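First the structure, in the form of C-alpha cells, and then the observations on it.
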Amino acid sequence: MTELEKAGSELSQAASPKTIYLSEYRKPVYLLDSVELRFDLHETRTRVYSRLAFRRAPDAETQAPLKLDGNRLELQALKLNGETLAPDRYVLDDDRLVIENPGPCFELEVETQINPQANTALEGLYLSSGMFCTQCEAEGFRRITYFPDRPDVMSRYSVTVVADKQKYPVLLSNGNRQEAGELDDGRHWVKWQDPSLKPSYLFALVAGDLACQKDSFTTMNGREVSLQLFTEAENIHKCDHALMSLKQAMKWDEDTYGREYDLDIYMIVAVNDFNMGAMENKGLNVFNASCVLASPETATDQDYYRIQSIIAHEYFHNWSGNRVTCRDWFQLSLKEGFTVFRDQEFSADLNSRAVQRIDDVNILRAHQFAEDAGPMAHPVRPDHYIEISNFYTVTVYNKGAEVVRMLCNILGREGFHKGTDLYFSRHDGQAVMTDDFVKALEDANAIELKQFRNWYSQAGTPELTVNESYDAEAQKYSLTIRQHCPSTPGQNEKKPFHIPLAMGLIGRSGKPLPLSLENTNTSEAKLEQMLDLTMPEQHWTFSGVEEKPVLSLGRGFTAPVKLSLPHDDEALAFLFARDTDEFNRWDAGQKLAIKIALKLMNDYSAGKALQLEPMFIEAYRSNLNNSVLDKALVAQALSLPSEFYLADQCATVDVEAIHAVREFMRRQLAEALADDWLRLFEENNVPLAYRFNAQDMAQRSLKNLCLSYLMELDSLDQNKVGYRQRCLQQFQKGDNMTDVLAALSILSQHDVAERQQVLDDFYNKWKHDRQVVEKWFAIQAASPLPGALTRVQALMQHPAFSIKNPNLVRSLIGRFCATNPVNFHLLDGSGSRFLAEQVLVLDELNPQIAARLLQNLSRWRRFDQTRQLLMREQLERIAEHQGLSKDVYEIAGRSLEG
Ligand code: ZN
C-alpha cells in the first residue's frame, strides 16, 4: 500500500459503515463469461491467480468503470488484455478495485496474496484443523480475489489447486475433476471444472489430508451419481447416517418436486471450524462437523434428526438456491425460506408430521416472534442492511418458510407444485427475486396474490382477536376475527395481511361437527374449513350447527400469527384432550399452561403462596395415560412451554418469576403424578440396540422426559424409590448418547453429590471427541444452578476450550447467555458485562460470531428497569468502542435506536 492509500483506508475505517438499500439496486454493468482460477496454497502466503473474461451488458452505459469487490487482499499484479495496467488506470481502496473504461469485451488478470492462517473470521479461504477450506456466502469471495462479488453475476469456473502433496493429498473444488499432476518440489495439482453457471458465493475449495467414504445414487433418469463424504480419518466411522440421509433427500426431491441432481459427483466435507451449520456450494458442500458426523455412542437423537434435515436442506439448495439463485442479498429468503420449507416437509414425511410441526412452531414462537417484536425486526425480504451476515435470521429462514407454507396452503399441494415447476423452469440459471417466486405461483394457478405479498415486505407478527357466538335456536355459529400488526422499527402503519386459517368445530362428545358456511356455494359440508382472513375485521357464519361447539382454529399452525381465542380453561382442557388435529391438541395444552403460568406469576410477584390447579394436573394425567397417542406427541404434550415463550407472553419479562413458576409447575406435576411418571419410565426403559427411527426416538424422548420429572422428586425421596439411582445408572450403563446425555443433563441441573463426578467421568471418557466435548461444555453452561457464570469462566480456561472455535464459543458462552436466564440476568449485572467483554474479544477475531452473541442484549427493553439499565449500559459500552466490525456496529446501533 502507498502512503496515500493507507491514509485513505484509515479514513474510510473511521467513517461509520454505510447502509445498503434495496431501492438502490442496479443491474451489473459487466457480465462474466468465464472464470479461471489458480490457487497456490501456502498456510500464510497463498497466491491466487485469476483470469476473468468480461463483457459489457448490452444495455449498459459505454464509459462505465468496472467495479470489483476486494477485502484484505494484497494486490500483486493486474493486467488488462495481457498488459500490466498503469496505476493511473485504476483506483484501489479498502474494499474496491475500480478500473476506468475497460472496454466492451476484455480479459482481466489479477494476482492476489492472502493469509489463510491469519483468517479467524472464517470467511474466504482459511485453515481449520490443518486443512484449507473456503466459505464464500455471503461476501467471502472478495477475501480471495478482486471480483464482482454479487449473486447476479453468474459464470462458469475452472479451478486449479496446487499444494504440498504430503500435507494436502486431497484437493477439491466445484464440479468435475478434470486433470491432475505432480510438480518437482513435492507439490501436486488438481484441475476442476464446473459446468454449471454459478455466482461467486457458491465457490468452494478444500485441501487436506482427508479420508473419504463413498456411496452412490441412481437418479430418476438412471444416471449414477458418486456420493463422497470427506472427513478426518478418525471420524470416518461417523459417515453412514449422513450418506443415508443424502440418498433419502435425493429421492424425496425427485418424488416430490420432480428435481433431479445435475452433476455426476456430490461431495461433502466436514470441517471443525465453521460459522454456520453448513453450506450448499455447488457439488461440494462444506459442513460444520457437528452437523454431519454421527455414531450412536457420540450423537443424540436430536443430532441424528438435525443431520438428516441439514443434509437435505443443503441438497435441496441445488435447485432452490443454486440453479435458481438470488438477484441480491435482500432476496435471501427466496432460497432460504423456500429451502427450509422443503426440508421441513422432508422431515415430516420421513418421521412424524405432527412432531415436526410442533418443533418448528416452538422455534418460531420462542425466537422469531421475539425477533419480530424487538429492535432487529425486519421483513422476510429486508429493505436495508449494513452487514448482510446479520440477516441470516429466524425471520428470513423460519418465517420465510412459513410464508411459503401459507402459499402451499392457499394453492393446495397440486397447485403449489404446478407453481414450483413453472418457477424452476422459467428461472433456471437466473438470479431472481422473491417476487418472481410469487409470480410463478400466480401464473401457474391463474390466481392473484397481491395482498399476500405484504408478508414479504412488512415485519411484525399479526395478532388476531377471535370472538364467537352461538344461536341455539337458529343453530348458527358465528365467528369474528380481527387482525392487528404492531408497528416495528421504520414501519408504523401496516396493511392487513392475507391470513389462511384452518378451522374445525367440535361437539361436546368430541365429535367433529360438519361445517356449512353461509354465503358460499359449496353445498357439501366438510369437517375442516380454510378461512381466508384478508380484512382488518371479518365475519363468518356456519349454519346447521346442532350444539354449542368448541372452536379449533389455526389447525396445523396455518399462519405465523398470535391467536387470542375466546376459550376459557375448560375449553382449552377439552381441546387438549379431544381435538382431532394433533397440532391443535398439543397447542391447547400449551395455551392452558400459559394461562395458568401467568396467573401464578402474578401470585409470585404478590408474594402469595403458589398453588397448581387440580384440573391442570388432571389434564396432564389423562395425556400421560393416553396409550393411543404417538409417544412423541405424549412427550410433547407433557412438556411445559419454554421460558422464552412464556417471556413472550409477558408485558415485562420477570426472569425470576418465570423461572420460579415454571419450576414450581414442574415439581407439582412431578409430585402429583409420581406413580404415573415412574410407571411410564419403566415401561419405556427397554434395552434396544440404537436405531434412528421415529418410533424408537419417541420412546427415548418419553422415557427421558419421565426421568427428568422424577428427578424433581429426588430431595423428597423418603421412600427410597431411587430416582437419582435410576439417573446415575442410565448415565453409567446407557449405550447410546441420547440416554447418557439426557441423564447427565438432568444430573447437572440438580445440586447432588455426584454432580461433579459424573461431569468429570464424562469428560475423561470423551475428551478425544470434539463433538462430545462441545456437549459437555453446553450442558454446564445451561445449568440453572447458582454460580453458573463462575463455572463458565473457569471452563473458558479449560485446555479443550478455544475462543477461536465457533462451536465451542456457541456451546459455552452462547449457551450461557442465551439459555440460562436466571444466571445471565443476575441483578449484579455480571451476565451482561461478561457478554460485552466477550463480544469485544470476539469482534477482533470473528465478527459474525461476535454479532450473534450480542443479539442477546438487543431485547433489553423487554425487561424491568434495573435490568434495562444494566443491559443498555453494556450496549453503549460496545457502541462507543472504536474500530468495531460492521456486524457488531449494526446490532449495537439498532438495539439502542428508537
Ligand atoms: Zn440454506
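Here is how the numbers come out for the structure above:
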item	result
Residue 267 vs. criteria more than 16 Å from the ligand (Cβ to nearest atom), open to solvent by less than 10 Å² (accessible area, probe 1.4 Å), assigned to a helix (DSSP H, G or I) and of a type in the set (A, V, I, L, M, F, W, C)	no
Qualifying residue in the stretch 563-571 (condition: of a type outside the set (Ser, Thr, Tyr), in contact with a strand residue (DSSP E or B) (Cβ under 9 Å, 6 or more places away or on another chain) and surrounded by fewer than 17 Cβ atoms within 10 Å (Cβ to Cβ))	yes
Residue in the stretch 333-348 that is more than 16 Å from the ligand (Cβ to nearest atom) and open to solvent by 10 Å² or more (accessible area, probe 1.4 Å) present	no
Checklist (1) under 27 Å from residue 461 (Cβ atoms); (2) in contact with a helix residue (DSSP H, G or I) (Cβ under 7 Å, 6 or more places away or on another chain); (3) assigned to a helix (DSSP H, G or I) applied to residue 552, failing item	(3)
Residue match in the stretch 232-246 (condition: open to solvent by less than 10 Å² (accessible area, probe 1.4 Å), modelled with pLDDT of 95 or more and over 25 Å from residue 192 (Cα atoms))	yes
Residue count for the stretch 518-533, restricted to those that are within 28 Å of residue 354 (Cα to Cα), touching a strand residue (DSSP E or B) at 6+ places or on another chain (Cβ under 8 Å) and open to solvent by 40 Å² or more (accessible area, probe 1.4 Å)	6
Set 632, 660, 619: member being over 26 Å from residue 528 (Cβ atoms) and either in contact with a strand residue (DSSP E or B) (Cβ under 9 Å, 6 or more places away or on another chain) or small (Gly, Ala, Ser) (or both)	660
Test result for residue 68, part of a strand (DSSP E or B), open to solvent by 40 Å² or more (accessible area, probe 1.4 Å) and in contact with a Leu (Cβ under 8 Å, 6 or more places away or on another chain)	no
Flag if residue 290 is among the hydroxyl-bearing types (Ser, Thr, Tyr), touching a helix residue (DSSP H, G or I) at 6+ places or on another chain (Cβ under 6 Å) and open to solvent by 10 Å² or more (accessible area, probe 1.4 Å)	yes
Options 290, 295, 320; residue that is at pLDDT 95 or above, of a type in the set (S, T, N, Q) and within 26 Å of residue 428 (Cα to Cα)	320
Strands (runs of 3 or more DSSP E) (entirely within the stretch 395-511) containing at least 2 residues that are open to solvent by 20 Å² or more (accessible area, probe 1.4 Å) and touching a residue at least 24 places away in the same chain (Cβ under 8 Å)	463-471, 476-484
Residue that is under 28 Å from residue 441 (Cβ atoms), surrounded by fewer than 21 Cβ atoms within 10 Å (Cβ to Cβ) and either free of Cβ contacts under 8 Å to residues at least 12 places away in the same chain or more than 14 Å from the ligand (Cβ to nearest atom) (or both), where the choices are 259, 327	327
Every residue from the stretch 270-291 that is part of a loop (DSSP other than H, G, I, E, B) and under 19 Å from the mean Cα position of the chain (by Cα)	272, 273, 274, 275, 276, 277, 280, 281
Test: residue in the stretch 231-248 that is of a type in the set (Asp, Glu), touching a Ser or Thr at 6+ places or on another chain (Cβ under 8 Å) and under 30 Å from residue 388 (Cα atoms)	no
Residues of the stretch 814-852 classified as touching a Cys at 6+ places or on another chain (Cβ under 9 Å) and open to solvent by 10 Å² or more (accessible area, probe 1.4 Å), total	1
Residue 317, sole failed condition from (1) open to solvent by less than 10 Å² (accessible area, probe 1.4 Å); (2) more than 13 Å from the ligand (Cβ to nearest atom)	(2)
The stretch 634-668, residues that are open to solvent by 30 Å² or more (accessible area, probe 1.4 Å), within 17 Å of residue 366 (Cβ to Cβ) and without any contact (Cβ under 8 Å) to a residue 60 or more places away in the chain	649
Helices (runs of 4 or more DSSP H) within the stretch 701-769 that include 1 or more residues free of Cβ contacts under 8 Å to residues at least 12 places away in the same chain and open to solvent by 30 Å² or more (accessible area, probe 1.4 Å)	723-733, 755-766
Single residue of the stretch 270-314 satisfying the filter (more than 16 Å from the ligand (Cβ to nearest atom) and among the hydrophobic types (A, V, I, L, M, F, W, C)) that is farthest from residue 735 (Cα to Cα)	271
All positions within the stretch 774-807 that are closer than 19 Å to residue 821 by Cα and assigned to a loop (DSSP other than H, G, I, E, B)	783, 784, 785, 786, 787
Enumeration of residues in the stretch 378-424 that are among the polar types (S, T, N, Q), within 16 Å of the ligand (Cβ to nearest atom) and within 20 Å of residue 500 (Cα to Cα)	395, 398
Subset of the stretch 171-192 (residues that are within 36 Å of the chain's Cα centre (by Cα) and either among the hydroxyl-bearing types (Ser, Thr, Tyr) or buried (at least 18 other Cβ atoms within 10 Å of the Cβ) (or both))	171, 172, 173, 174, 175, 190, 191, 192
Odd one out for residue 782, checked against (1) touching a residue at least 12 places away in the same chain (Cβ under 8 Å); (2) within 27 Å of residue 888 (Cβ to Cβ); (3) of a type outside the set (Phe, Trp, Tyr); (4) out of contact with any Lys or Arg (no Cβ under 7 Å at 6 or more places or on another chain)	(4)
Test for residue 134: is it buried (at least 20 other Cβ atoms within 10 Å of the Cβ), of a type in the set (S, T, N, Q) and closer than 20 Å to residue 96 by Cβ	no
Among (1) open to solvent by 20 Å² or more (accessible area, probe 1.4 Å); (2) within 11 Å of the ligand (Cβ to nearest atom) - the single one residue 351 does not satisfy	(2)
Considering residues of the stretch 605-633 that are in contact (Cβ under 8 Å) with a residue 60 or more places away in the chain and part of a helix (DSSP H, G or I) only, the residue farthest from residue 684 (Cα to Cα)	633
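The values are calculated or read from the model by the stated rules, or taken from the named source; none is laboratory data. Only a predicted model underlies this, so the values are computations on that prediction, with no experimental measurement involved. Cβ: placed from backbone, ideal geometry, glycine included. Neighbour counts: every protein chain shown. Heavy atoms of the whole protein, side chains included, go into the accessibility calculation; ligands, DNA and RNA do not. Shrake-Rupley method; radii C 1.70, N 1.55, O 1.52, S 1.80 Å.
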